[in-house]
1. Within segment 37-56, restricting attention to residues that are away from the ligand (no atom under 15 Å from the Cβ) and not in a loop (DSSP other than H, G, I, E, B), which residue is surrounded by the fewest Cβ atoms within 10 Å (Cβ to Cβ)?
2. Being in a helix (DSSP H, G or I) and in contact (Cβ under 8 Å) with a residue 40 or more places away in the chain is the filter here; which residues of segment 393-410 pass it?
3. Looking at G29, G34 in this structure, which one is more than 14 Å from the ligand (Cβ to nearest atom), more than 20 Å from the chain's Cα centre (by Cα), modelled with pLDDT of 95 or more and under 19 Å from S95 (Cβ atoms)?
4. So which pairs qualify, if the first residue must be in segment 306-317 and over 20 Å from S223 (Cβ atoms), the second must be in a loop (DSSP other than H, G, I, E, B) and at pLDDT 95 or above, the Cβ gap must be under 7 Å, and the two must be at least 6 apart or on different chains?
5. Within the set of pairs 6 or more residues apart or between chains, which connect a residue that is more than 13 Å from G301 (Cα to Cα) and hydrophobic (A, V, I, L, M, F, W, C) inside segment 206-220 to a residue that is modelled with pLDDT of 75 or more and outside any loop (DSSP other than H, G, I, E, B) with Cβ atoms less than 6 Å apart?
6. Could you please tell me which pairs satisfy a Cβ distance under 6 Å, a separation of 6+ or placement on different chains, a first residue in segment 360-382 that is over 21 Å from V283 (Cβ atoms) and without any contact (Cβ under 8 Å) to a residue 60 or more places away in the chain, and a second residue that is in a helix (DSSP H, G or I) and within 16 Å of the ligand (Cβ to nearest atom)?
7. Counting only residues that are out of contact with any Leu (no Cβ under 7 Å at 6 or more places or on another chain) and part of a helix (DSSP H, G or I), how many does segment 80-96 have?
8. Could you list all residues from segment 405-434 that are over 25 Å from I381 (Cβ atoms) and in contact with a strand residue (DSSP E or B) (Cβ under 7 Å, 6 or more places away or on another chain)?
Amino acid sequence: MNTFKSTVPTGFPEGFLWGGATAANQLEGGYREGGKGLSTADLMTAGTHTTPRRITLDVDPALNYPSHEAVDFYHRYEEDIALFAEMGFKVFRLSIAWTRIFPNGDDAEPSEEGLRFYDRVFAELRKHGIEPLVTLSHYEAPFALAGKYGGWSDRRVIDFYVRYCETVFKRYKNVVKYWLTFNEINILTMPFGTFMSAAMIPAGSLELGGDPGADDERARFQSLHHQFVASAKAVKLGHSINPDFKIGCMIAYMCVYPLTSHPDDVLEAQRKDQLSNFLCSDVQVRGEYPGFAKRYFAEKGIAPDVTEDDEQSLREGRVDYYTFSYYTSNCVSAEPGKEETEGNLSLGLKNPHLKASEWGWQIDPAGLRWSLNNIYDRYQIPLMVVENGLGAVDTVEEDGSIRDDYRIDYLKRHIEAMKEAIADGVDLIGYTPWGCIDLVSAGTGEMKKRYGFIHVDKDNEGRGTLDRSRKDSFFWYKQVIAGNGEELEPAKPAVEQYGAE
Ligand code: BG6
């Protein structure tokens, strides 16, 4: 037998972690219950595709803040977890709201009530044999840190974060194995992350995404550096609390192509891949800043304050695995004036070969295969796709069904791309599509931008019963998990194939 040939994997590995992903501020609601403090997300109003979300410095009762109720997982987690179990989830990605545990971020003692909530959630997951995958910080930093310290721009916040991590690592050391330190840590390479991730009040406009002219890039990269150190310290500490912990980084992977074969465009694409994607993961996976980052800082006069102790922490706190979100791709060009496209976190140029979602995000399954190869070639550590999906408007038919074949098609093509990447040799260990249950959009604050397999009856204005129901994609994903990614073809609409629920 030719053993060389037989080593090419033909499908998803045994034990592949199929599941779904969420974040506390977009899911839980109960924003003041159980002693919870205000997070940055709790001060972001609802927007639309065309109207940006606004940041307010206090809660204004006249405004709509989608995180306050979100989809009420806080009270409905048992029902929701039962639905995840019905689909056959092996893993569920959720975040712990830091403000449930330390309401102001810098409190001396944790909130027992907050800890008890997650005790109950993890017990429920265990009951159904679902492995939790916990993001420690997902765009929900304590708002109190903004006023008192200027958010993450202040070095003292590192210790507050590490204290929070130590608390939850110790509390859940026997029930959680997979952790992620910061959601999409590379959002701080862009102005968009200033408030959402770093809890820094932006200068100028308080519209989310703000006024790029008022962006303080130096402070933003200093905050990012503090998050790197905090992440590394958390990794080291976590391993000392439980050596079996797997602690990963999480990157918003921005797949970027040169618009043309002109060498300047090719170099521009490489530069964007380096600065937007690899700067952060090089620090978190390899334990030090790459040369291109140092050059960028020098050219921009940014000079972050990095101590010898910091450098040691970065070396000692390298992550165990690499996770990322993947929704879309875009192009770059060295020439100005080309047509732009929207996308997750960053804008780029339109690719003439791709179609886009209703929110203008270009759909590119091949880009996922390309990205998986690109990342794995660089790091050679296990990868997990912890966000992927199609934000779309769903229609509830008269019989209650939701025929979301467009979502099935999107996910199916991305799963096929993952399978190809596995055959290419990529060590992919899991897949958690985003918003497995409909939840609040982070970018726009809308409800109608839905990603879920499970529909939640709630509209953009906050009206609805919050009742849950199964979409066609629910039954399809259940079939995908049961067949470990081999049964991707939806034979008929779910109501005919599986009977209406
Ligand atoms: C990712 C975030 O950037 O994209 C999620 O980690 C977010 O929090 C997701 O919800 C999808 O973006 P949006 O704007 O459609 O909610």
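The values are calculated or read from the model by the stated rules, or taken from the named source; none is laboratory data. A quick note: this is a predicted structure, and the numbers were derived from the prediction, not measured. Because the Cβ atoms are built from the backbone with ideal geometry, glycine has one as well, and the counts that use them run over all protein chains shown.
1. Selected residue: R54.
2. D405, R407, I408, Y410
3. G34
4. Note: pairs meeting the criteria are R315/G287; R315/E288.
5. Sorted first by the residue in segment 206-220, then by its partner, the pairs are L206/R54; L206/I55.
6. P365/H414
7. 7
8. Y406, R407
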